[in-house]
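Undergrad: Structure in structure tokens, see below.
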Amino acid sequence: MRAGTDRLAEVVASLQCDLVVNVQGDEPLIEPGMIDDAVAPLAADAAIEMSTLRKRIVDPAERHNPNVTKVVVDDRGFALYFSRAPIPFVREGCPPADAWRHVGLYVYRRDTLLRLAALPPHAMERSEALEQLRALAHGIRIKCVETVHEAVGVDTPSDLERVRALFTSDPLATAAVN
């Protein structure tokens, strides 16, 4: 099965552009400021090839939910690993490290996206069903920008109901979708 990155690269191959923003379809409530935040590192530093967003996890249930993708980052905000498992693991008696939820929005340099799509899927990508692991496995670093905005991913029927309820209670949200 081809990943969204592969399908996106097909379209981008015929376009002339420097940066490509990919808002995942399961993230219907992405705020415009979130896109700006994700683009900023690539605009500021030509060495950065790819970026995404992360949001601090405060709810312990979210940390253990396999439908929530977690990310561990280094001291400079680059991804070390993405997982559906609760990472980083907190050993009994040890202080917890920050836990981050991945937000499904990516920014690529055009040539990086095309190179990434040409690479074979990696075992980690297939195991976790997380396409961003292909980038990490092949040495493409991903800058993970912290966002203060809330994003509600739609991964389960209950997530869909939660988003529908938000649209019902917020006429502006409904107008933004129509």
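Undergrad: Please give the net charge around residue 38, taking every other residue with its beta carbon less than 15 angstrom from that of residue 38, where Lys and Arg add +1 and Asp and Glu add -1.
TA: For residues surrounding residue 38, the net value is -2.
Undergrad: Once you charge only the Cβ atoms, +1 for Lys and Arg and -1 for Asp and Glu, what is the size of the charge dipole of the chain about its Cα centre, to the nearest 20 debye?
TA: Here the size comes out at about 420 debye.
Undergrad: Roughly how compact is the stretch 79-132, stated as its Cα Rg over 2.2 N^0.38 Å to two decimals?
TA: After normalising by residue count via 2.2 N^0.38 Å, the value is 1.46.
Undergrad: Let me ask something additional. State to the nearest 20 debye the size of the charge dipole of the stretch 18-114 about its Cα centre, where the only charges are +1 on K and R beta carbons and -1 on D and E beta carbons.
TA: 320
Undergrad: Something else: Of all alpha-carbon pairs in the stretch 1-85, indicate the percentage at a distance above 14 angstrom.
TA: I get 74 percent for the Cα pairs in the stretch 1-85 exceeding 14 Å.
Undergrad: If you don't mind, there's one more thing I want to ask. Sort 142, 87 from largest to smallest accessible area, using a 1.4 Å probe on the heavy atoms of the protein chains.
TA: So, going from the largest accessible area down, we get 87, 142.
Undergrad: Follow-up question, since we're still on this one. Add -39500 (n - 2.57) for each DSSP H run of 4 or more in the chain, then divide by its residues: what number comes out at 222 nm, to the nearest 500 deg cm²/dmol?
TA: Roughly -10500 deg cm²/dmol at 222 nm, from the helical runs in the chain.
Undergrad: Using a cut-off of 12 Å between beta-carbons, work out the net charge of the residues near residue 85 (Lys and Arg +1, Asp and Glu -1, residue 85 not included).
TA: +2
Undergrad: Same structure again: If you count the DSSP beta bridges with both ends in the chain, what percent of them are antiparallel, to the nearest 5?
TA: Around 85 percent of the beta bridges assigned by DSSP in the chain are antiparallel ones.
Undergrad: Round to the nearest 10 and report in Å² the accessible area of residue 124, as given by a 1.4 Å probe over the protein chains' heavy atoms.
TA: 60
Undergrad: Something else: For a quick check of understanding: with a 1.4 angstrom probe and all protein chains in place, what accessible area in square angstrom does residue 158 have, to the nearest ten?
TA: Accessible area of residue 158: about 80 Å².
Undergrad: Using +1 at the C-beta of Lys and Arg and -1 at the C-beta of Asp and Glu, which of 157, 86, 39 has the Cα lying farthest in the positive direction of the dipole of the chain?
TA: Checked the options; the winner is 86.
Undergrad: Report the label-to-label distance for residue 19 and residue 126 in nanometres (one decimal), using points 7 Å from each Cα along the Cα→Cβ vector.
TA: The modelled label-to-label distance comes out at 3.5 nm.
Undergrad: Could I ask something else about it? Can you give the log10 of the normalised intensity I(q)/I(0) at q = 0.14, 0.19 Å⁻¹, computed with Debye over equal Cα scatterers of the chain?
TA: -0.80, -1.39
The values are calculated or read from the model by the stated rules, or taken from the named source; none is laboratory data. Not measured: the values here are computed from a predicted model. Neighbour counts are summed over all protein chains in view; Cβ atoms, including those assigned to glycine, are modelled from backbone coordinates with ideal geometry. For accessibility, only protein heavy atoms count, side chains too; no ligands or nucleic acids. Shrake-Rupley method; radii C 1.70, N 1.55, O 1.52, S 1.80 Å.
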